[in-house]
Amino acid sequence: MPQSPDVLSERARVQALVEGRTLPTALAETAASAADHPAYSDKHDVPEGEAWRTLTWSQTRELALDVAGALIGLGVQPGDTVAIMATNRIEHFVADIAAVHAAATPMSIYNTLSPDQVAYVASESQPKVAFLETPDHLARWQRALAETPSTTTVVLIDAEAPAGDDRFTTWTQLLADGAAYRAEHEAEVAARAGELSPDSPATILYTSGTTGNPKGVVLTHHNVLYEAQSTLEAAGLFDPQVGVSYLPLAHIAERVLGLYGPQIQGSHVHAIGDPSQLLATLGEVHPTAFFGVPRVWEKIKTGISAKLAADPDPASRKLVEDAMAAGLAYISAQEVGGVMTPEIEQAYAEADAAMLGFLRLILGLDQVTWCGSAAAPMPVDVARFMAGLGLTVFDVYGMTETCGAITANGPGGFRLGTVGRATPGMEVKLGDDAEILVRGPVVTPGYHRQAEATAALIDADGWLHTGDIGTLDDDGFFAVVDRKKELIITSAGKNIAPSNIENYLKESPIIGHAMAVGDNRPYVVAILTLDGEVAPVVAASMGIEFSDLAELAQNPQILAIAQAAVDAANERLSRPEQVKAFELLPTEWTAESEELTPTLKLKRRVVNTKYSDVLDRLYG
């Protein structure tokens, strides 16, 4: 398929902006132009009288160069890998940037990987140095450290070193050693980053593995700089931003928005190590740009919905409902194909002044100019709910193997219920079986040490096969139907997308997660979990007494609400898609539980195996 002139010209334009550059050259420019501007803040070792500990951009670069000096002094060679298992904090960002400046390849590792998974990743990547934050992280690395002789140094940030093992050092000691080494070898440290080329690896990210062992995705400096530039353009983010970093830095979206983009723009990133503190942090920081995986937006929706439902005053509820109807009409009129009228604008202005502005303020989203979502398709009811608050949540689509977004909604054009149009310079199309295919400068050169898997990912013509089934409308907007391998084919031969069913079920505020099952079965059933935050609030408002979620899951009134959620979903589904039976589990699925990946995607194989007895009952 020939490239269109528009794609070629757009690609050439973005290529010219990043041509010949690496992350160290980008950071050097930002550290010079925004030297005293805030770069990274966190809540560790906060100075007295301050709310955050903060580094400026010049301090960030200087600290990273000191740590780079320490790594070089420890024998790290160009191309060596450096592993980091830590929460989102200044030391994590600095360690990553430092490894790059030592011409090494940093790898942020998901904090929730099991010891066996960590050992697998370490055996394949052979890190020279590992940065570990907590005693829990050290415990997860014990097997890997015993079996991986390449790892000659372990840097502990907030954990104590085991006695008698000289491989261990502390972050404080590393900084001192690095400053001393750099003072004596300044030219050597400065020259190391100069050995990088745009085609050098900038990171290896091990996918969170919904099936099988994780695979290491190699991303180059050119990949990440092109992606950051094109993503910021598609989002209309042309000036430095204020942001919150809370997703794992092993997640490509967090790296682009929290690590790579800010190095280009000089943005201010507030890092929090505990995602449960996100809503409180939004209220403190009031970011100008905010990205949330769909589950985050779902939690905001269910939280507000529960509070509205608990309001005893019908007139008050009606006021909010009318205001949100005006918000939805205003956002909908801005969609491609929508029509804005003076009446819609006037109604929105009045609703915004009376109610919506206040609701966004208490959420901490009153200053945002861009809200984004990715990692899974955004349920359209959630997008419409946010629109009712006057927030356009721009759904984007991509994967680790494409260094992030390849399609995006944005201020230049959006349509709720889609993942947008191709980002600048990217070729995106549907294959013969409706699989989404992509080709362009953000595509990974391949998996680390897995040539066979790389060959299965990228065909001879350079098209990366995403594994996602999609649709494409006449205006160029793509939508994701489901994962190709996760489509349900019933014993009657009906093809069913489980994500549609699951999103309908999760519209109930009490439902936290849902998984539809039916492959090679006569009909569809569902396994449901309660929302650990909202369900207790709803139960309390109904006067239900309970001691824990397990007891709540057996309560007849709660089961009736779950049944109502299934019934409501079934009304919107075709007969083959309808849920014929369900079970509400006595447990909650979270980022730490084995049923979900660290990015809160369902591990369907795990759920099928772990709850095989539940499925036997449902099909009994």
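Numerical summary
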read-out: Residue that is in contact with a Lys or Arg (Cβ under 7 Å, 6 or more places away or on another chain) and buried (at least 21 other Cβ atoms within 10 Å of the Cβ), where the choices are Ala235, Ala289, Ala271; value: Ala271
read-out: Of all residues making up segment 589-607, the number that are under 22 Å from Leu549 (Cα atoms) and either part of a helix (DSSP H, G or I) or touching a strand residue (DSSP E or B) at 6+ places or on another chain (Cβ under 6 Å) (or both); value: 4
read-out: Qualifying residue in segment 484-492 (condition: farther than 26 Å from Glu595 by Cα and touching a Pro at 6+ places or on another chain (Cβ under 8 Å)); value: yes
read-out: Residue satisfying condition, being over 29 Å from the mean Cα position of the chain (by Cα) and in contact (Cβ under 8 Å) with a residue 60 or more places away in the chain, within set Val579, Val607, Val566; value: Val579
read-out: Residues (closer than 19 Å to Ala310 by Cα and in contact with a strand residue (DSSP E or B) (Cβ under 6 Å, 6 or more places away or on another chain)) located in segment 524-558; value: Leu530, Asp531
read-out: Matching residues, segment 132-156, being within 15 Å of Leu71 (Cβ to Cβ) and in a loop (DSSP other than H, G, I, E, B); value: Ser150, Thr151, Thr152
read-out: Residue satisfying condition, being surrounded by fewer than 22 Cβ atoms within 10 Å (Cβ to Cβ), at pLDDT 95 or above and within 26 Å of Asn500 (Cα to Cα), within set Gln367, Gln334; value: Gln334
read-out: Residues of segment 440-453 classified as under 20 Å from Ile252 (Cβ atoms) and modelled with pLDDT under 95, total; value: 3
read-out: Exclusive hit being within 20 Å of the chain's Cα centre (by Cα) and in the same structural domain as Val380 (by TED's automatic domain parsing), set Gly404, Gly476, Gly512; value: Gly404
read-out: Failed item, numbered, when Ser108 is tested on (1) in contact with a Leu (Cβ under 7 Å, 6 or more places away or on another chain); (2) surrounded by fewer than 24 Cβ atoms within 10 Å (Cβ to Cβ); (3) closer than 24 Å to Ala193 by Cβ; value: (2)
read-out: Which listed residue, of Gly261, Gly243, is in contact (Cβ under 8 Å) with a residue 24 or more places away in the chain, more than 19 Å from Ile84 (Cα to Cα) and not in a strand (DSSP E or B); value: Gly261
read-out: Subset of segment 484-506 that is surrounded by fewer than 18 Cβ atoms within 10 Å (Cβ to Cβ) and of a type in the set (Ser, Thr, Tyr) - its residue that is modelled with the lowest pLDDT; value: Ser491
read-out: Matching residues in segment 150-170 - criterion: being hydroxyl-bearing (Ser, Thr, Tyr) and either out of contact with any strand residue (DSSP E or B) (no Cβ under 6 Å at 6 or more places or on another chain) or under 25 Å from Gly79 (Cβ atoms) (or both); value: Ser150, Thr151, Thr152, Thr153, Thr169
read-out: Qualifying residue in segment 126-139 (condition: of a type in the set (A, V, I, L, M, F, W, C) and under 18 Å from the mean Cα position of the chain (by Cα)); value: no
read-out: Set Gly261, Gly243: member being at pLDDT 95 or above, of a type in the set (Gly, Ala, Ser), touching a Pro at 6+ places or on another chain (Cβ under 7 Å) and on the phi < 0 side of the Ramachandran plot; value: Gly243
read-out: Output for segment 427-454, where each listed residue is over 20 Å from Gly404 (Cα atoms) and free of Cβ contacts under 8 Å to residues at least 24 places away in the same chain; value: Asp432, Ala451, Glu452
read-out: Test set (1) among the acidic types (Asp, Glu); (2) closer than 17 Å to Gly372 by Cβ; (3) in contact with a Lys or Arg (Cβ under 9 Å, 6 or more places away or on another chain); (4) surrounded by fewer than 20 Cβ atoms within 10 Å (Cβ to Cβ) - Glu298 fails condition number; value: (4)
read-out: Tally of residues being hydroxyl-bearing (Ser, Thr, Tyr) and either under 20 Å from Ala405 (Cα atoms) or touching a residue at least 24 places away in the same chain (Cβ under 8 Å) (or both) across segment 267-281; value: 2
read-out: Options Ala333, Ala351, Ala347, Ala375: the member that is of a type in the set (A, V, I, L, M), under 22 Å from the mean Cα position of the chain (by Cα) and either not assigned by TED's automatic domain parsing to the domain that holds Ile252 or not in a helix (DSSP H, G or I) (or both); value: Ala375
read-out: Test result for Val481, closer than 30 Å to Ala562 by Cβ and either modelled with pLDDT under 90 or not in a loop (DSSP other than H, G, I, E, B) (or both); value: yes
read-out: Every pair of residues 6+ apart whose Cβ atoms lie under 6 Å, when the first sits in segment 282-302 and is outside any strand (DSSP E or B) and at pLDDT 90 or above while the second is among the basic types (Lys, Arg) and surrounded by fewer than 24 Cβ atoms within 10 Å (Cβ to Cβ); value: none
read-out: Qualifying residue in segment 388-399 (condition: over 30 Å from Gly462 (Cβ atoms) and part of a helix (DSSP H, G or I)); value: yes
read-out: Near pairs, Cβ below 8 angstrom, 6+ apart or cross-chain, from segment 531-543 (modelled with pLDDT of 90 or more) to any residue that is in a helix (DSSP H, G or I) and crowded, with 23+ Cβ neighbours inside 10 Å; value: Asp531/Thr302; Ala535/Leu552; Pro536/Leu552; Ala539/Leu552
read-out: Qualifying position, being under 16 Å from Phe477 (Cβ atoms) and surrounded by fewer than 24 Cβ atoms within 10 Å (Cβ to Cβ), among Ala405, Ala376, Ala434; value: Ala434
read-out: Some residue of segment 170-182 being of a type outside the set (A, V, I, L, M, F, W, C), exposed (fewer than 15 other Cβ atoms within 10 Å of the Cβ) and closer than 21 Å to Arg140 by Cβ; value: no
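Okay, residues lined up against (1) more than 21 Å from His222 (Cβ to Cβ); (2) assigned to a loop (DSSP other than H, G, I, E, B); (3) not hydrophobic (A, V, I, L, M, F, W, C):
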residue	(1), (2), (3)
Gly425	no, yes, yes
Val428	no, no, no
Val442	no, yes, no
Ala453	yes, no, no
Ala456	yes, no, no
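The values are calculated or read from the model by the stated rules, or taken from the named source; none is laboratory data. Since this is a predicted model, take the numbers as computed values, not measurements. Methodologically, a virtual Cβ is constructed for each residue, glycine included, from the backbone with ideal geometry; neighbour enumeration extends over all protein chains shown.
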